[in-house]
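Each remark here refers to the structure printed beneath this line.
The values are calculated or read from the model by the stated rules, or taken from the named source; none is laboratory data. The shown structure was predicted, so the numbers you read here are calculated from the model rather than taken from an experiment. Glycine also receives a Cβ, built like all others from the backbone with ideal geometry; neighbour counts cover every protein chain displayed. Areas reflect the complete protein model, heavy atoms only, side chains present, ligands, DNA and RNA absent. Shrake-Rupley method; radii C 1.70, N 1.55, O 1.52, S 1.80 Å.
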Amino acid sequence: MPDAESTRKRSRSPSDTEQQKHHKRPNTGAASSANSTGPVSQSSTADITMADPSSSALSAANANDTNSSTPNSNRNDVKKDADAQATVGENKSSATTSGEPSTSTSAPPPPSGNIHMRCLIVTQDASIIIGKGGTHVNEIREKSGARVMVSESIPGNPERILNVSGPLDAVSKAFGLIVRRINDEPFDVPSVPGSRAVTIKFMIPNSRMGSVIGKQGSKIKEIQDASGARLNASEGMLPGSTERVLSVAGVADAIHIATYYIGNILLEAQERMPSFNNSSYRPGNPRATGRPMGGPGGSSYMPSAAPYHPGGSSYAPHNPPQQLQTQQIYIPNDLVGCIIGKGGSKINEIRHMSASQIKIMEPGATGVGMNGAPAGGEGERLVVITGQPANIQMAVQLLYHFSVNMASILKAQKANAFKADLKGKGKRKAEEMDVDDVEQEVEGSSLKRKKNKQRVLLLSSRGITHRMRHLMSDLEALLPQVKKDSKLDSKSQLHLLPELADLNNCNNTLYFEARRHEDLYMWAAKTPNGPSIKLHVQNVHTMDELKMTGNCLKGSRGLLSFDAAFEETEWGRLTKEVFTQIFGVPSTARRAKPFIDHILTFSIVDSKIWFRNFQILEKDPLQPNGPPQTTLVEIGPRFVMTPIRIFEGAFGGATVFSNPEFISPAAVRQAFKREKGGRYNERKDAEEEMKRRKETRRLEENELSVAKVFG
């Protein structure tokens with residue numbers, strides 16, 4: 001008899017010969033009679049023991065059935081080992097509803113030749129696999145030679161665990177038979193293209209999943225090409241453990257071959273790295289365990305009491321777990337966000353690695369110290385860890401190391417920010433715009449950082465007149481934070497304006513839209529998220545046109561004065577806030593002068609907004625030597641704005657406010673035309689009436705008229 005170890009390696013190592021290609025999709029379980037003397041696979045020969053000759057015929061039949069459905073079986077050496085077969089008898093009378101395996105009369109096989117594979121199945125499929133009185137599961141055990149177990153059903157959980165252990169050939173064949181039983185297909189007929197595909201969710205240790213996937217998915221692709229099944233590996237581990245789900249979908253033959261390849265890879269990985277710690281899973285009652293519903297398949301999981309060892313065949317799914325303990329620790333508030341991570345990624349990673357429950361309490365929650373007094377200090381957050389003692393210790397170590405690393409990183413970032421603030425150099429970032437002033441303490445020194453930065457993009461459409469262009473020039477002179485851009489070609493592409501503002505690093509936009517070379521509309525918008533206000537501009541008078549006596553310094557900061565009527569309506573308050581951010585000159589504007597010598601006033605009269613610009617004089621010009629007296633002298637420009645609509649977004653979106661009193665200029669002109677047409681019609685009607693009256697007043701000629709007498 002050849003050496004058991006070398007024979008097992010040859011049986012489960014795929015060869016590159018044409019014989020392997022011939023057995024790529026073999027039959028999955030042709031039933032053999034008790035008197036048949038077919039070939040026996042080498043892996044089965046290596047893992048069984050000698051028995052009495054009377055049972056050799058039954059053993060040969062079982063081995064023949066297994067060999068016919070296993071890829072890469074060496075059929076040339078079968079007759080040499082046929083006399084050395086042993087019987088693997090099972091007691092068929094002990095079938096229960098939970099699918100407990102029948103007892104074996106032969107000696108246990110060596111652990112190095114066995115594999116234990118676990119998968120998740122729904123309760124409905126588990127009932128089909130077990131059958132009435134365990135008939136189906138016993139039939140699968142007989143034909144495959146593997147040990148098949150199904151965990152008990154737990155109320156409230158839709159999934160159960162299927163455990164299959166034994167030689168690799170027997171385990172792979174057992175999964176093929178299980179798929180046939182689920183699809184209600186005969187065991188001795190190969191799968192046809194019309195067979196229904198079944199998905200098997202294998203639970204693979206995370207340390208072994210890389211070997212199954214291979215470099216850039218090479219192993220999974222090789223298994224898919226060889227078996228015809230579809231494989232998909234989950235990205236994250238099951239909650240609270242170190243196992244991941246490998247979904248294998250296909251017909252019975254495809255599942256059989258894919259399982260063989262997966263088991264072959266797991267055995268090779270076990271030889272390379274035999275010792276590792278793995279926390280396995282079994283379905284638990286979410287109400288009993290207190291764990292929230294989640295994870296694959298919509299069920300919750302709790303780690304098993306015994307770790308998973310792929311080299312052995314023993315499995316105890318119902319061992320009682322150890323008693324859980326609770327420990328309280330405290331972490332600084334500054335590190336809570338770093339520990340939680342984006343979307344809870346960091347804290348979930350620590351939970352998976354430690355297999356414990358970690359809950360970060362709300363600010364202000366305190367624990368109880370040794371003497372019963374409240375524990376924890378100011379600026380600290382309570383963290384409650386629940387789990388087994390070893391898992392709690394691991395979670396504390398992970399939190400401690402992560403906190404130390406993040407504290408050093410934050411300290412370095414604060415030091416670099418402090419140095420940059422002292423230098424006062426560096427380009428301003430876009431994310432610092434439109435933020436209130438913040439006072440921050442860095443290393444004991446109070447440093448006030450200005451972050452109220454408003455920039456306004458000023459542009460117009462094509463078709464503006466000289467008066468409109470001069471108005472834009474006056475606003476550019478009054479507002480040093482304005483950046484002027486070229487004209488927008490199309491009036492229907494207002495959605496491009498937020499992108500233009502972003503390219504120019506602006507968070508406000510003033511857009512003047514001209515219609516028919518006589519109507520002017522102004523858009524005041526906050527970009528890129530809105531809101532935006534559309535106004536109709538009338539009665540425009542520029543500074544050059546007015547020639548007022550007032551004057552102010554170019555680039556100086558102006559005060560903003562709003563009428564009390566702005567606070568009476570919702571649209572007025574919103575308009576006031578938008579105008580404050582657009583017309584208010586920030587102190588950090590590059591072209592701004594450190595002087596305040598004029599005031600911009602906004603007043604609401606007749607549902608219209610009146611804009612004026614005044615110079616602030618501390619003395620009366622007529623009395624230069626008189627006492628100080630603050631007076632206002634108009635500078636210009638001046639114009640009137642009628643609000644039309646307020647939109648939720650920038651230059652579009654849902655309508656927040658619509659002015660019911662607004663009448664478009666085109667409608668006004670049309671009314672004037674109708675009025676002129678009415679006067680014309682009245683004049684024509686009067687002429688017709690006059691003609692009619694003349695006809696009625698005309699007298700008839702008598703017989704003594706001049707025309708008749710002297711005619």
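Side notes on the structure shown:
- Counting 0.36 nm for each residue step from SER234 to VAL384 and taking away their Cα separation leaves a gain of 51.1 nm.
- Nearest-0.05 FRET efficiency for GLN670 and LYS694, computed from C-beta distance (R0 22 Å): 0.05
- Label-to-label distance, ASN504 versus THR631, with points set 7 angstrom from Cα along the beta-carbon direction: 3.9 nm.
- Amide H within-cut-off set for THR242, under 5 Å, with H built and near neighbours excluded: SER279
- Label sites at SER607 and VAL706, each approximated as a point 7 angstrom past Cα along Cα to Cβ, lie 6.8 nm apart.
- Accessible area of region 631-700 belonging to carbon and sulfur atoms, whole % at 1.4 Å probe: 52 percent
- From most to least packed by mean Cβ count within 10 Å, the peptides 124-135, 246-257 give 246-257, 124-135.
- Virtual spin-label span in nm between GLN538 and MET273, 7 Å along Cα→Cβ: 8.0 nm
- FRET efficiency, SER587 to ALA407 (Cβ-Cβ, R0 35 Å, nearest 0.05): 0.50
- The ARG679 and LYS491 beta-carbon pair, evaluated with R₀ = 41 Å, returns a calculated FRET efficiency of approximately 0.70.
- Cα gyration tensor shape of region 504-574, rounded if a/c is under 1.5, else prolate or oblate by comparing a/b with b/c: rounded
- Amide hydrogen neighbours beyond the local backbone of MET548, cut-off 5 Å, H modeled: none
- Protection proxy ranking of 663-676, 332-345 - average other beta-carbon atoms within 10 Å, highest first: 332-345, 663-676
- Sequence ranges 566-579, 170-183, ranked by mean other-Cβ count within 10 angstrom, highest first: 170-183, 566-579
- Cα gyration tensor category, rounded, prolate or oblate, for region 478-599 with a/c compared to 1.5: rounded
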